[in-house]
Amino acid sequence: MTIGLTQEQIDLFHQEGCIVIPNELSKEQVQALMTRSKKMLDEFSLENHPMTKFTTGDSVGGDGHVGDDYFLESSDKVHFFFEEAAFVNGELTKPKEKAINKIGHFLHELDPEFKKVSLTARNNQIAKDLGVKDPLILQSMLICKQPEIGGEVPSHQDAPFLYTDPVSCLGFWYALEDCTADNGALEYVPGSHKTCGVYKRFVRTPDNHGTTFEPVEGVEPYEEPDKSAFKLVECPAGSLVLINHSVLHRSNQNLSQNSRYAYAFHSIDGECEYDERNWLQIPVSGGHDFTKLVAAN
């Protein structure tokens, strides 16, 4: 496989803000990641689990939301987060392995199978081809998009959640199952990274036990585009989707009978200033000891 991107791919990424590279993972790699994913979901215990639900949006810090300690302490661990729709009147209505929204956020270091596809010379070169001078991985996650209950992910940018100055976040998103309009494939607004400034950031509250959004000084909010502006990214298992830090993207609910497993990690540029108030901090170092995006030993 070519070590980095072609010039055509680089140009298209800068133009669109998002590109798809088919067949990035082999069938054997996809199967290994799916097998590992199923094993993790089967084996994790509900005992002492806080039943934390995960959502993406502006409403944060409420009951059972991502703004609790279980979420904030996941930066160097592997934690399990539930779909909101898996509960009715506070009771879990699905088997636990069919109720998880995502697993995160340190798979790239703690799990050998996910580490093998994350820390590669090719990924290092891809990041550098797209302008990341010192590529670091700071979070990774398995996204399950469960059948019937996989929640809608509203329009958002990645940069507010992993804020650097200047913004530098780059998303690597691997389809582990075929992604279709029926099971909640990604959608993005082509070129929106050029017109939509990063006007807010997702930070810890002063007590360090919750999260909130705060404005970025000097940046005006953008006007939310109509859903018709979003381009659907249907792609087969094994595809890699590269996502610019500021491009608007979203996904619909998964009301189908088929899950939409994906593995994603985010890279930032180590030469940029990482915000010390960002939700994600590595406890030992205060956020300055993220994984180098180089081939694993």
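The values are calculated or read from the model by the stated rules, or taken from the named source; none is laboratory data. Everything numeric in this text was worked out from a predicted model, so none of it was measured. Neighbour counts run over all protein chains shown; Cβ positions are idealised from the backbone, glycine included. These accessible areas exclude ligands, DNA and RNA; they are computed on the full protein's heavy atoms, side chains included. Shrake-Rupley method; radii C 1.70, N 1.55, O 1.52, S 1.80 Å.
Please indicate, with yes or no, whether at least one residue in segment 272-281 is under 22 Å from PRO135 (Cβ atoms) and free of Cβ contacts under 8 Å to residues at least 60 places away in the same chain. Even if it seems obvious, please write down each step before you answer.
Taking segment 272-281 and keeping what is under 22 Å from PRO135 (Cβ atoms), we get 272-276, 278-281.
Now drop any that are not free of Cβ contacts under 8 Å to residues at least 60 places away in the same chain, which leaves 276.
Yes, that holds for at least one residue.
Scan segment 83-98 residue by residue and report those that are open to solvent by less than 40 Å² (accessible area, probe 1.4 Å), in contact with a Gly (Cβ under 9 Å, 6 or more places away or on another chain) and not in a loop (DSSP other than H, G, I, E, B).
The answer is PHE87, and nothing else.
Show the residue pairs that are 6+ apart or on different chains and have beta-carbon atoms under 6 Å apart, the first residue being within segment 223-252 and farther than 23 Å from VAL30 by Cα, the second being open to solvent by 10 Å² or more (accessible area, probe 1.4 Å) and among the charged types (D, E, K, R).
Pairs found: PHE230/GLU187; HIS245/ASP158; ARG250/GLU187; ASN252/GLU152.
Yes/no matrix, rows are residues, columns are (1) modelled with pLDDT of 95 or more; (2) open to solvent by 30 Å² or more (accessible area, probe 1.4 Å); (3) under 15 Å from THR291 (Cβ atoms):
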{"site": "LEU107", "(1), (2), (3)": "yes, no, yes"}
{"site": "LYS116", "(1), (2), (3)": "yes, yes, yes"}
{"site": "ASP129", "(1), (2), (3)": "yes, yes, no"}
{"site": "GLN157", "(1), (2), (3)": "yes, no, no"}
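For segment 64-80, which positions are under 24 Å from ASN252 (Cβ atoms) and either at pLDDT 95 or above or hydroxyl-bearing (Ser, Thr, Tyr) (or both)?
Listed by number, the list holds a single entry, PHE80.
Within segment 1-54, can you find the residues that are in contact with a strand residue (DSSP E or B) (Cβ under 7 Å, 6 or more places away or on another chain) and among the small types (Gly, Ala, Ser)?
GLY17, SER37
Any residue at all in segment 34-41 that's open to solvent by less than 70 Å² (accessible area, probe 1.4 Å), aliphatic (A, V, I, L, M), under 14 Å from ALA262 (Cβ atoms) and at pLDDT 95 or above?
Applying the first criterion (open to solvent by less than 70 Å² (accessible area, probe 1.4 Å)) to segment 34-41 yields 34, 36-37, 40-41.
Applying the additional criterion that residues be aliphatic (A, V, I, L, M) yields 34, 40-41.
Still in the running and under 14 Å from ALA262 (Cβ atoms): 34.
If we keep only those that are at pLDDT 95 or above as well, we get 34.
Scanning segment 34-41 turns up at least one residue that is open to solvent by less than 70 Å² (accessible area, probe 1.4 Å), aliphatic (A, V, I, L, M), under 14 Å from ALA262 (Cβ atoms) and at pLDDT 95 or above.
Return yes or no: is ALA181 modelled with pLDDT of 95 or more and open to solvent by less than 50 Å² (accessible area, probe 1.4 Å)? Working first, answer last.
Numbers: modelled with pLDDT of 95 or more: yes; open to solvent by less than 50 Å² (accessible area, probe 1.4 Å): no.
Criteria not met by ALA181.
Could you list all residues from segment 93-115 that are more than 16 Å from the chain's Cα centre (by Cα) and in contact (Cβ under 8 Å) with a residue 24 or more places away in the chain? Even if it seems obvious, please write down each step before you answer.
Of segment 93-115, the ones more than 16 Å from the chain's Cα centre (by Cα) are 93-99, 110-113.
Hits for segment 93-115 are LYS94, LYS96, GLU97, LYS98, ALA99, LEU110, ASP111, GLU113.
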